[in-house]
1. Of all residues in the stretch 322-339, which are more than 16 Å from Tyr270 (Cα to Cα) and in contact with a strand residue (DSSP E or B) (Cβ under 9 Å, 6 or more places away or on another chain)?
2. Residues in the stretch 319-330: is at least one surrounded by 15 or more Cβ atoms within 10 Å (Cβ to Cβ), modelled with pLDDT under 95, over 21 Å from Thr240 (Cβ atoms) and touching a helix residue (DSSP H, G or I) at 6+ places or on another chain (Cβ under 9 Å)?
3. Scan the stretch 342-389 for residues that are of a type in the set (Gly, Ala, Ser) and farther than 29 Å from Leu14 by Cα and report the count.
4. Restricted to the stretch 208-239, and to residues that are more than 25 Å from Thr354 (Cα to Cα), assigned to a loop (DSSP other than H, G, I, E, B) and of a type in the set (S, T, N, Q), which residue is nearest to the chain's Cα centre (by Cα)?
5. Considering only the stretch 116-138, how many residues are of a type in the set (Phe, Trp, Tyr) and more than 23 Å from the chain's Cα centre (by Cα)?
6. Hey, does the stretch 108-119 have a residue that's of a type outside the set (Gly, Ala, Ser), in contact (Cβ under 8 Å) with a residue 12 or more places away in the chain and under 30 Å from Leu12 (Cβ atoms)?
7. Restricting the stretch 85-103 to residues that are assigned to a loop (DSSP other than H, G, I, E, B) and hydrophobic (A, V, I, L, M, F, W, C), which is farthest from the chain's Cα centre (by Cα)?
8. Just checking, which of Thr179, Thr160, Thr170 is polar (S, T, N, Q), in contact with an Asp or Glu (Cβ under 8 Å, 6 or more places away or on another chain) and surrounded by fewer than 22 Cβ atoms within 10 Å (Cβ to Cβ)?
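The values are calculated or read from the model by the stated rules, or taken from the named source; none is laboratory data. Everything quoted here is computed from the prediction, not taken from an experiment. Neighbour counts are summed over all protein chains in view; Cβ atoms, including those assigned to glycine, are modelled from backbone coordinates with ideal geometry.
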Amino acid sequence: MLHTDNPEIAKLLLTGNFGLERETLRVTENGRLSHLPHPFNPDNTHIVRDFCENQVEINTDVQTSAQDIINELKCHHEEILGVLSKLPEKETLWLSSNPPFIKNEEDVPVAKFFGKNSDKTTYREYLSNKYGRYKMAFSGIHFNYSFSGNLLRKNFEIETGISVGKGEETPEYQKYSDTLYLNLAENCLKHGWIIVALTAASPLSDISFWAPGVENSTVFSGMSSIRCSELGYWNFFVPTLDYSSKEGYADSIERYVKKGLISAPSELYYPIRLKPKGKNLLSTLRLSGINHIELRSIDLNPLTEYGIDVHDIEFLQLFLVYLASIPNQRLDDNDQVQSIQNIKSAAHFDIVNTKIMYPSKRALSITNAVFEFLDSMQWFFSQIDTGQNQHIYDVIDFQRKKFSDPDKYNYAQIILKKYSGDFAKKTLEESILNRNRNV
């Protein structure tokens, strides 16, 4: 745990490293998915493709604040829209996590890689055959975070009495860091439902997602986030992982590959991932340890300029700091399965009657569970002099309003009213306006 009662730790508590991955679909000005090849420089590592040729992914650099991440996201967003606006047939970026009209699976063309990277296309074709391309057209945001080296080294010193210099990673220090991230990931699994509850922003979809080829109708599925719900993109089994050590964690993922349930670790569609520095391989994680945590269940927010609000990025940091500072409770297999179900349940639109079930078997409505969690977070931070306490309270209050006044602040409820009747047309109009504002 982070020793937040120590004044030096308190001052370093909100120092960390941020990274974002944002997926969006390219569409033409008549609201159809683009069939043009990826029009960006293949050597640009910041603007790449995800599953399909028309799905653009932004990978930011590592930044040290939420605002810096937004600033970088803005630059890449504007660069993309600038290129799309100059194509012979203008395109734009689709603002919603849910796709526009899909005529058939050929409308979602697998990304084409060649030469030494051709295995990336082979892998995508395997996913296409197994899960279908419609669900592959979902888009979202992944949030990556690591605590600063200064914070972890100071916390290690307080915990062990051993001082570690900058850049010095002794086996004892690496084991300590790995354990902190493993405990954090387990706490994130237990409480990860709140990320979905607070960032869900995709209650409406085009009818073609459910009835292939059918046009001109909008469907409300009863979900605030289809992609994070039971209707979304999950494996055909519920995995359970070992958080006792980095080796146990890696082995527990690899066992699903050995059983043939997934073809590679990257196919484990899990809401939280622990990742090493550099190439994301289990062998690298075993060798060099855990570098950061990734949260993967964040919807694109079409009510914002770049797909995510800076307050939500700030909240995710506070969420991770809080969970790294409270005791960890081991989750058995049943608890882990229930935690995944809680994440799916938090994607339901009915925030009053849908329940979150804790390992203690105590059940609360989504609304009451959100209030209880946010109150606990605020009390926790009120006991620490971070030098930024008022801002912390403002960030937490921003989240609280989504449930105390959902008509004005809850993304899914606002979008349901704003886009109902013609999801595809209204999303396209907003997407084109967004492009025109940013080029």
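1. Across the stretch 322-339, the qualifying residue is only Ala324.
2. The answer is no, given that none of the residues of the stretch 319-330 is surrounded by 15 or more Cβ atoms within 10 Å (Cβ to Cβ), modelled with pLDDT under 95, over 21 Å from Thr240 (Cβ atoms) and touching a helix residue (DSSP H, G or I) at 6+ places or on another chain (Cβ under 9 Å).
3. The qualifying residues number 4.
4. Checking each candidate, the answer is Ser217.
5. 1
6. no
7. Applying the first criterion (assigned to a loop (DSSP other than H, G, I, E, B)) to the stretch 85-103 yields 86-90, 95-103.
Right, trim to hydrophobic (A, V, I, L, M, F, W, C) and you get 87, 95, 101-102.
On the way: Leu87: 30, Leu95: 16, Phe101: 24, Ile102: 24 Å.
For the stretch 85-103, the residue satisfying everything is Leu87.
8. None of the others qualify; the one that does is Thr160.
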